[in-house]
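Below is one structure, written out as structure tokens; comments come after it.
The values are calculated or read from the model by the stated rules, or taken from the named source; none is laboratory data. Every value quoted in this text rests on a predicted model; they were computed, and no experiment measured them. Neighbour counts run over all protein chains shown; Cβ positions are idealised from the backbone, glycine included. Heads up: the accessible areas ignore ligands, DNA and RNA and are worked out on the full protein's heavy atoms, side chains in. Shrake-Rupley method; radii C 1.70, N 1.55, O 1.52, S 1.80 Å.
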Amino acid sequence: MTSMLGAGSADSPEPPAEDDLPALDKEAFVCPRCGVYAHQHWQILGVGEGEVVEVPGRHSYRSMWKEARCSRCSKPSVWRRDQMIYPLARLGAQPHADMPDEVRRLYDEASTVAAVSRRAGAALARAMVERLIKVLDPRAPKGAKLDTRIDRIRGRVSTPLGEMLEVVRYLGNKMLHVEEPDKLG
Ligand SMILES: [Zn+2]
């Protein structure tokens with residue numbers, strides 16, 4: 001997937017431009033189901049016939065749900081207001097084939113929720129790193145904190161990877177500690 005971030009050339013397909021990404025009511029975008037830039041047929045998902053739901057004797061409610069159906073693969077994406085709800089966007093690369101199952105579950109959960117909540121994604125990514133390092137370094141003292149555990153394996157990983165582990169640890173901690181209101185002003 002790293003090639004997606006690089007500049008396009010005559011030999012490789014251009015990565016999707018910002019303008020081609022899915023957004024509410026766009027006539028065409030890169031389909032999240034088939035990956036092809038295609039026209040989208042928008043339709044309001046209401047209750048019954050139309051977009052307005054009438055509750056007798058009370059208000060009427062406008063449906064906030066829509067679907068966009070791809071002209072290429074005929075599959076829908078589902079939207080609530082301006083947010084795509086299905087399929088869920090996923091951040092990050094696919095997990096490595098050697099990743100242990102218990103770690104992979106946390107990694108998958110982190111990459112799925114990160115699109116909706118950066119805080120939740122960061123907290124889960126930290127939990128995933130901790131789980132992974134426990135597998136890689138079973139001789140670490142049982143109650144060791146994560147910074148100690150990262151220091152212990154630093155010699156076994158590249159310098160950038162060691163730094164990245166430290167960043168994930170730091171951000172994961174920070175996201176879980178919401179600041180006191182008097183510190184926000
Ligand atoms: Zn499609």
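Miscellaneous remarks
- Accessible surface of the range 63-157, 1.4 Å probe, proportion on carbon and sulfur as whole %: 50
- Taking trypsin sites (Lys or Arg not before Pro) across the range 73-182, the ones in a DSSP loop with at most 10 further Cβ atoms lying within 10 angstrom of their Cβ are Arg81, Arg139, Lys142.
- Mean Cα-pair separation over length for the range 30-88, i.e. relative contact order, pairs under 8 Å, 6 or more apart, %: 31
- Globularity index of the range 101-179, i.e. its alpha-carbon radius of gyration over 2.2 N^0.38 Å: 1.08
- In a fully extended conformation the segment linking Asp82 and Ala28 would gain 17.9 nm over its present Cα-Cα distance, using 0.36 nm per residue.
- Computing FRET efficiency as 1/(1 + (r/R0)^6) for Ser60 and Ala89, where r is the C-beta to C-beta distance and R0 is 30 Å, gives about 0.40.
- Of all lysines in the structure, the ones whose alpha carbon falls short of 16 Å from that of Lys66, not counting any fewer than 8 places away in one chain, are Lys26, Lys75.
- For the pair Asp98 and Glu166, a Förster radius of 25 Å applied to the C-beta separation gives a FRET efficiency near 0.65, rounded to the nearest 0.05.
- Estimated inter-spin distance, Thr159 and Asp20, nm [label 7 Å along Cα→Cβ]: 3.7
- Within the shell of other residues whose beta carbon sits under 13 angstrom from the beta carbon of Leu88, the net charge comes to +1, with Lys and Arg scored +1 and Asp and Glu -1.
- Anchor Lys134: lysines whose Cα lies under 20 Å away (excluding residues fewer than 8 positions away in-chain): Lys142, Lys145
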